[in-house]
Amino acid sequence: MKQFAFVISLFFIYCLNTNAQPVPGVDENIPFLMTFGANAEKSWGDDDFSQTFFFLIPENNKSPIYIRVYDPDTGGELDELKGVFDTKMSYSVYGGKGAYSDPDAQGVDPKGNYKSGNMLAIKTFGVDPRYDKNWYTFGPFNPTEGEFTKEFGGYIFKVICDGVAGDDGNMYRYFLSTSGTENKPIEGGFAFSYEYSFRMWDNPNEVSHIYPYIIEQTEAVKMMNFDWDLDGIIRVVSVARKGQDFEVSGDNEWKEVTFAIKPEEKKTSLDFQFRKRQNAPVKSNNVVINVRNQYNEVLRFFTVPIGGVPKYKYQIKATQIKK
Ligand SMILES: [Ca+2]
Ligand SMILES: [Ca+2]
Ligand SMILES: [Ca+2]
């Protein structure tokens, strides 16, 4: 894990110059996170009606922190209506022992002890014009209320958004802030998840991204995407891959693709680019994605890619001239 810690320290340096705290991240260009109510149809684009994010506060930050949610309610302009708005969304914040380290917390399904750790706060929203296109703030939390994690050199908080009732879709975003009234980034803070459930852009010229970090023991990855409605392709770009295109799923189905990892790609981020169909792009498309390695370990998506956005490095191989 030492090398991973080293990469993370490089990441902190990168974060100093970047706005690392919005979720989805700036480089991801994802319009909104999406979670549906528990009675929704999966064909609308959410496989499990629950989404988990982790927020890291570096050890040297001693000031209180806040986790802010944009448009936490389900109703009004941004959210996806079915019939009448009758959906309830519950957001809960966890810290303390096990919040991150419990294996159930690091899966892709809301199963077992995924709500591990100490619950620090919970709030449930229905239709609430007060928070429509507006922020709700959790906190202040003392950073040490998170779970200390040596690997990342800081304290981790977990936030779970559960669709507890109803059948509508909730669009929302997060911001990790030093302020309870505005969005002020925490130096060196960042967010990550194991599965991403989100709304795609309607405009086919907008490309969204996620950046899975390839841990050293990875030889192959298995990417699974859900309910893409055949809307374009997923292009994988890396330091050693100029661009390889993969198929996406159709309506209400999972698509699984597997590919080998090149030696240069270990301990770097991959760039998964979601390129919509130019002809008749799908409107209001909600999708889910996760990535594992050959040991079935789920890889993390950092909202700011570790090491920066990966760029293909074209290398001219030195050729020996034989005499
Ligand atoms: Ca409804
Ligand atoms: Ca919402
Ligand atoms: Ca969809």
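Any read-out appearing in this document is the output of simple, stated calculations on the displayed coordinates, not a laboratory observation. Bear in mind the structure is a predicted one, so any value in this text is a computation, not a measurement. No Cβ is skipped: glycine too gets one built from the backbone with ideal geometry, and neighbour counts run over all protein chains shown.
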| said: For q values of 0.10, 0.16 Å⁻¹, compute log₁₀ I(q)/I(0) with the Debye formula on a Cα-only model of region 2-302, without solvent. | reply: -0.52, -1.42
| task | Sequence neighbours fewer than 8 away in the same chain don't count; with that in mind, list the lysines whose C-alpha is under 24 Å from K62. | result | K97, K150, K158, K184
| field | Pairwise label distance in nanometres, N252 with L81, each label 7 Å out on the Cα-Cβ vector | value | 2.4
| Cross-link partners of K267 among aspartates and glutamates (Cα-Cα below 12 Å; sequence separation of 8 or more within a chain) | E216, E219
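Grab the other residues whose beta carbon is less than 10 angstrom from that of Y211, score K and R as +1, D and E as -1, and report the net.
Working: positive: R300; negative: D27, E28, D271.
Taking every other residue near Y211 into account, the sum is -2.
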| field | Alpha carbon centroid spacing (whole Å) that separates region 221-274 from region 61-91 | value | 29
| task | Evaluate the charge dipole of region 169-226 about its Cα centre and quote only its size in Debye, nearest 20, assuming +1 on the Cβ of each Lys and Arg and -1 on the Cβ of each Asp and Glu. | result | 160
| Straight-distance crosslink candidates among lysines, where the alpha carbon sits under 25 Å from K283 and sequence neighbours closer than 8 are dropped | K42, K82, K88, K133, K255
| field | Table column - 3J(HN,Hα) (Hz), region 146-163, Karplus curve with 6.51, -1.76, 1.60, x for Gly and Pro | value | x, 9, 5, 10, 4, 3, 9, x, x, 9, 10, 10, 10, 10, 10, 10, 10, x
| query | Considering only the other residues whose Cβ falls under 11 Å of the Cβ of D132, what net charge follows from Lys and Arg at +1 and Asp and Glu at -1? | reply | -3
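To the nearest 20 debye, what is the magnitude of the charge dipole of the chain about its Cα centre, counting +1 on the Cβ of each Lys and Arg and -1 on the Cβ of each Asp and Glu? Mind dumping the intermediate values first?
Working: 36 positive and 43 negative charges, 350 e Å.
Once rounded to the nearest 20, the dipole reads 1680 debye.
Could you compute the net charge surrounding S193? Neighbours are other residues with a C-beta less than 12 Å from the C-beta of S193; K and R count +1, D and E count -1.
Values: positive: K158, R300; negative: E28, E195.
Combined, the nearby Lys, Arg, Asp and Glu give 0.
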| field | Extreme residue, positive dipole direction of the chain, given options M34, Y114, M223 (C-beta unit charges) | value | M223
| task | Report the FRET efficiency, 1/(1 + (r/R0)^6), for N39 and R130, where r is their Cβ-Cβ distance and R0 is 35 Å, rounded to 0.05. | result | 0.90
